[in-house]
Amino acid sequence: MILLVCLAAAAALGAVRYWVEPAQCSGCGDCSRVCPTGAVSIENGKSRIDPETCIGCGLCQGVCTYDAIH
């Protein structure tokens, strides 16, 4: 829980923002399943990260086997 609070604080400061490279995304949904805030959704067969909801924890990037999340 403390780690999540620290990550949320860092994201609030604009330290980390993730985005999806659609050409590399397979739309498998692994990233959306691990997102603790529900910031990752699948739209038109590709992942999308809501920058307002994302806390910058990096869990989505860690599970992406297609290197689509930067």
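Since every read-out is calculated from the coordinates, none of them should be taken as a lab result. From a predicted model like this one, the values you see are computed outputs, not experimental measurements. Positions of Cβ are backbone-derived with ideal geometry, glycine not excepted, and every protein chain shown enters the neighbour counts.
Kindly write out, for the range 58-68 in residue order, the coupling ³J(HN,Hα) from the Karplus curve 6.51 cos²θ - 1.76 cosθ + 1.60 (θ = phi - 60°), rounded to whole Hz, with x marking Gly and Pro.
With the stated coefficients, the range 58-68 comes to x, 4, 4, 5, x, 9, 6, 7, 9, 6, 9 Hz.
What is the sum of charges around residue 25, taking Lys and Arg as +1, Asp and Glu as -1, for the other residues whose C-beta is under 12 Å from the C-beta of residue 25?
It works out to a net charge of -2.
Based on the Cβ-Cβ distance of residue 46 and residue 17, what FRET efficiency does E = 1/(1 + (r/R0)^6) give at R0 = 22 Å, to the nearest 0.05?
Rounded to the nearest 0.05, the efficiency is 0.80.
HN-Hα J couplings of the range 27-41 from phi, Karplus 6.51/-1.76/1.60, θ = phi - 60°, integer Hz, Gly and Pro as x?
x, 5, x, 4, 5, 5, 6, 9, 5, x, 10, x, 6, 9, 10
Amide H to amide H under 5 Å from residue 47: which residues, 5+ apart in sequence or cross-chain, H placed 1.01 Å off N in plane?
HN-HN under 5 Å from residue 47: 27.
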